[in-house]
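Visitor: Here it is, the structure, as structure tokens.
Values in this text are rule-based calculations from the coordinates and carry no lab data. Fair warning: this is a prediction, and the values are worked out from it, not measured in the lab. When we count neighbours, we look across all protein chains shown, and the Cβ atoms used for this are built from the backbone with ideal geometry, even at glycine.
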């Protein structure tokens, strides 16, 4: 008895020191990241980075927000033109944030980036702990698969990795430095994940409502939200309450938007332009060149099929397949949105990539890590180069840049399918053991 | 009965004479055989008119037609020739019928009636008027085509009428006005006020439409229908000098049509309809080959007499450059008019056109001398900044050479494919930031509406003001690019309007008159100038026009690349399957091995 209390005390002490250690690490990392961001933001490279179409898409360009704020200050309806694609609430939010709270725009972006990092850290810490707890009892699994289970320091390691992956990810870094408002949208996505993992229906549904009011894509995350709460409450009707929360928030936000702009013009400017892609400015996604080149009479057909592909096509099958793992479902859906949405930017990709350390235990099952890494690296280098050749030196044409964006999309597709595949394999292996044998003979794993 | 005809220019017998003259001229080239029979039918028609007492006579009113030509040797190496034709029609504005016209072109009358037009201003211009060295023209015009119209306040659907009007005008003048629609039209609030008289209590700019087509190329096909609007066509009078072969190799040529209601009398109790038709030409001495100009050099022929329908047929030669560089005119002018206007004295040589042959020429005593240039009080430029096809800027530069501050209105209509950011608008005058007194802005919409910026600026004296705004290069759908996509897209000229206090370098007409003659000694409180800047061309980035199918296929392949594995993962289960014993390669290897073995065996045997 004494021994056990002693050991538990010891463990608690150990945990405390561990916590303090990790805390100091986190603070150090955050300070370093903030400093680096501020350093680049105050240099001349800020405008160069902000001017890149990969970072500032029509949806998340700070320049357009500035234009909106300027028009607002001159009493001109910013939704009269079609430069602005942010909601009225978001515009007011940016106005207060940039003029009253922070004064310096770069500080605002750093603040939200650091906030996102912290939320992600906290969320993954909680999730990793849960995950670790879940697989603590090693006796449940065959002996040869123990190495695939989360190890002892798992829940200490993973959140730190996530933190580093977010803060020092070149994509999020560039997005933050280039004043991409996607960074602020991602803050609310992180808040959603945080709220969901910590089981707070109000926070998570509010965050999701904010995210979906900015662009409608996050609406499909309602599915993992519902699944998660039906698991937590162990009742489907209770989980519906969360959906109801969400709907109420969405209604309130839309109502507020409408009362701010005094008309529904913003709906066309925000959701209409995200859905119908009228601005064909190049970005890292698949839409721009396709809808530049597609024949006009097929345009409608392809617009709707591409948007369905980005939203509800994979929603039902994935929700069914990963109905017991809402966290993985969330990340898979976020990934697919990032790949297939109409105006993706680097911040979006950086945000979903920073979730990858959560799949540390799947590493042994992933097959395409090298290919994906190499393609991402190559395309990240090639995209600005070919862009320069096309736009500035007129020695390449649109096809070059289009080729790069295709490779980019392929890399992301490989990555997400690889992870999902690894997850299914991992589950299978935990259940059936490592040895692939039927009646003592060698056998192959195959999907049927 | 004859009282009805008094308002006409000619009596009945004169009309018959005229008609005979016309018919002769018409038939002289073709066939003189039928002329008598046609004359007889004409006579019958005329007698019938007398008998039936057709009411249309009432509508004729007191029509007048004037034709004038101003020749102005410019301070630079050019000579400016401006033809001014004006028709006034004492039309009762309460009668909304415009079908029965006399000297006024009926085609325009129909347009006014159908589209409920109050004022109409059209110009078709090739080349750019160089304000800084040429001074001000009689009529300002933007490069390319420009049209603006005031509709009557009771017009039901102005946008629709505007579109229809543009289409009609494109037929009337054989130009591309049919490309005008709401996506390139604006309603400026300050720059284009009604030029004529109105009985409106308030002027609402929603009745106004303005559009310009900077890409329009002006040539013979526009001049020919234009000449047909004149009462004498191009057969007699000054219009006979308008030979396309000589007009379109000028440095600047502009044909313009201005229609407006004017006061009939000083007290303005009733209004008349006035149509000004003008042709402005700037000849370069380098193209002429010599500084000594003559009708033969400028127009290819002399003048054979005036248009019999005109009440004033004059030619003026501006003698302002004669002070610094003397030239002799042959024949000697009928009189020399001294005009004191807005503090500036100017001399004009005046010729009354007689029925005799006339060819005026100016001969310089010394051929190689440099003129002293007198830059005008206000002029403007416009250009693009930035490089590459990503981000750029439009800069307008306004020069105020006047010794006091000038209030100007700057109007910029920027096409929808050049999205500008108003927050980047910078106005710097002589190194200091200038705030516009009034700033009007309507943001544009892709494929729907241009960007409209209009501002009132108070330019400091002797200043150079830079107005810059940033824009993005946008990407269009491949079918929206014109056939020669890399030629680029045009941005129309900015319009800088101002009332100048002094008439320095000013040749424009006063608002209340329609002839050049009436501009002599016409001092007013201000002189309206509307300076048009250069057009600009931007080359938008282009996609590869040859591969729509490839792009569709490749993108769909990538989408399918995601669909396949995700479909597999979500619909199939992992199961263990027995390994196939031998693969094809292994089988082949085995076979090969056995053959080799057999061969070796047979060899050893």
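Visitor: What FRET efficiency comes out for the pair residue A:268/residue B:424, r = Cβ-Cβ distance, R0 = 25 Å, nearest 0.05?
Guide: With R0 = 25 Å, the Cβ-Cβ based efficiency is 0.50.
Visitor: Could I ask something else about it? For the stretch A:155-254, what is the convex hull volume of the alpha-carbon atoms per residue, in Å³?
Guide: In the stretch A:155-254, the Cα hull volume divided by residue count equals 95 Å³.
Visitor: Using only Cα atoms and rounding to the nearest 10 degrees, what angle (0 to 90) does helix A:182-197 make with the longest principal axis of chain A?
Guide: 30
Visitor: Which order results if B:547, A:41 are arranged by neighbouring Cβ count within 10 Å, fewest first?
Guide: B:547, A:41
Visitor: A further question on this structure: So if I average 1/r over every pair of distinct C-alpha atoms in the stretch A:320-448 and take the inverse, what Kirkwood radius in Å does that give?
Guide: 16.9 Å is the Kirkwood radius here.
Visitor: Quick one: B:423, A:85, fewest Cβ neighbours within 10 Å first, how do they rank?
Guide: B:423, A:85
Visitor: Can you tell me how the stretch B:63-184 classifies by the Cα gyration tensor, rounded, prolate or oblate, using a/c under 1.5 as the rounded cut?
Guide: Oblate, because a/c is 1.5 or more while a/b does not exceed b/c.
Visitor: A further question on this structure: Using label points projected 7 Å from each Cα along Cα→Cβ, tell me how many nm separate residue B:99 and residue A:130, to one decimal.
Guide: Rounded to a tenth, the inter-label distance reads 8.4 nm.
Visitor: Hey, what number do you get for chain B at 222 nm if only DSSP H runs of n ≥ 4 count, each worth -39500 (n - 2.57), divided across all residues, to the nearest 500?
Guide: Computed mean residue ellipticity for chain B: -7000 deg cm²/dmol.
Visitor: Across the residues of A:419-432, average count of Cβ atoms on other protein chains within 10 Å?
Guide: Partner Cβ neighbours, averaged per residue: 2.
Visitor: Between 0 and 90 degrees, rounded to the nearest ten: what's the tilt of helix B:584-604 against the longest Cα principal axis of chain B?
Guide: 50
Visitor: Would you report the distance distribution of C-alpha pairs in the stretch B:421-503 as whole percents per 5 angstrom bin, up to the bin with the largest distance?
Guide: Each 5 Å bin holds this share of Cα pairs: 3, 9, 18, 21, 16, 12, 9, 7, 4, 1, 0.
Visitor: Among rounded, prolate and oblate, which fits the stretch B:548-604 when a ≥ b ≥ c are the square roots of the eigenvalues of its C-alpha gyration tensor, a/c under 1.5 means rounded, and a/b larger than b/c means prolate?
Guide: It is oblate, given that a/c is not under 1.5 and a/b is not larger than b/c.
Visitor: For peptide B:476-489, how many partner chain Cβ atoms fall within 10 Å of a residue's Cβ, on average?
Guide: Partner Cβ neighbours, averaged per residue: 2.
Visitor: Hey, another quick one. Efficiency by 1/(1 + (r/R0)^6): what FRET value for residue A:297 and residue A:216, r their Cβ-Cβ distance, R0 = 45 Å, to the nearest 0.05?
Guide: That gives a FRET efficiency of 0.95.
Visitor: By average Cβ neighbour count within 10 Å, what is the ranking of A:177-183, B:64-70, B:551-557 from highest down?
Guide: Output ranking for A:177-183, B:64-70, B:551-557: A:177-183, B:64-70, B:551-557.
Visitor: Report the label-to-label distance for residue A:396 and residue A:258 in nanometres (one decimal), using points 7 Å from each Cα along the Cα→Cβ vector.
Guide: Spacing of the two 7 Å Cα→Cβ label points: 4.7 nm.
Visitor: OK, next. Computed over the Cα atoms of the stretch B:310-423, what is the ratio Rg over Rh, Rh following Kirkwood?
Guide: 1.17
Visitor: Taking a ≥ b ≥ c as the square roots of the Cα gyration tensor eigenvalues, with a/c under 1.5 meaning rounded and otherwise prolate when a/b beats b/c, else oblate, which class fits the stretch A:201-283?
Guide: The shape class here is oblate.
Visitor: Determine, for each peptide in A:68-79, A:24-35, the mean count of other beta carbons within 10 angstrom over its residues, then list the peptides with the highest first.
Guide: Per-residue Cβ counts within 10 Å, averaged per peptide and sorted highest first, yield A:68-79, A:24-35.
Visitor: How would A:312, A:419 line up from fewest to most surrounding beta-carbon atoms within 10 angstrom?
Guide: Listing A:312, A:419 from fewest to most nearby Cβ atoms yields A:312, A:419.
Visitor: Which angle between 0 and 90 degrees, to the nearest 10, do you get for helix B:12-28 versus the longest principal axis of chain B when only C-alpha atoms count?
Guide: So the inclination is approximately 50 degrees.
Visitor: When the Kirkwood radius is taken over all Cα pairs of chain B, what Stokes-Einstein diffusion coefficient follows at 10 °C and 1.306 mPa s, in µm²/s?
Guide: Value of D from the Cα-based Kirkwood radius: 56 µm²/s.
Visitor: If each of residue B:249 and residue B:437 carries a label point 7 Å out from its Cα toward its Cβ, how far apart are those two points in nm?
Guide: 4.8
Visitor: Counting C-alpha atoms alone, how compact is the stretch B:378-538: give Rg to one decimal and Dmax as a whole number, in angstrom.
Guide: Considering the stretch B:378-538 through its Cα atoms, Rg and Dmax are 18.0, 57 Å.
Visitor: Please give the length that would be gained between residue A:437 and residue A:101 if that part of the chain were fully extended, namely 0.36 nm times their separation in residues minus their C-alpha to C-alpha distance (nm, one decimal).
Guide: Extra length from residue A:437 to residue A:101 when fully extended: 114.6 nm.
Visitor: Let me know the Rg and Dmax you get for the stretch A:15-436 when you use only its Cα atoms, in Å.
Guide: 21.7, 71
Visitor: Just checking the output field for A:169-182: average partner chain Cβ neighbours within 10 Å of each residue's Cβ?
Guide: Mean partner shielding for this stretch: 0.
Visitor: Right, something else. Can you tell me the order of B:153-164, B:459-470, A:280-291, A:241-252 when each peptide is scored by its average per-residue count of other Cβ atoms within 10 angstrom, highest first?
Guide: Going from most to least packed, we get A:280-291, B:459-470, A:241-252, B:153-164.
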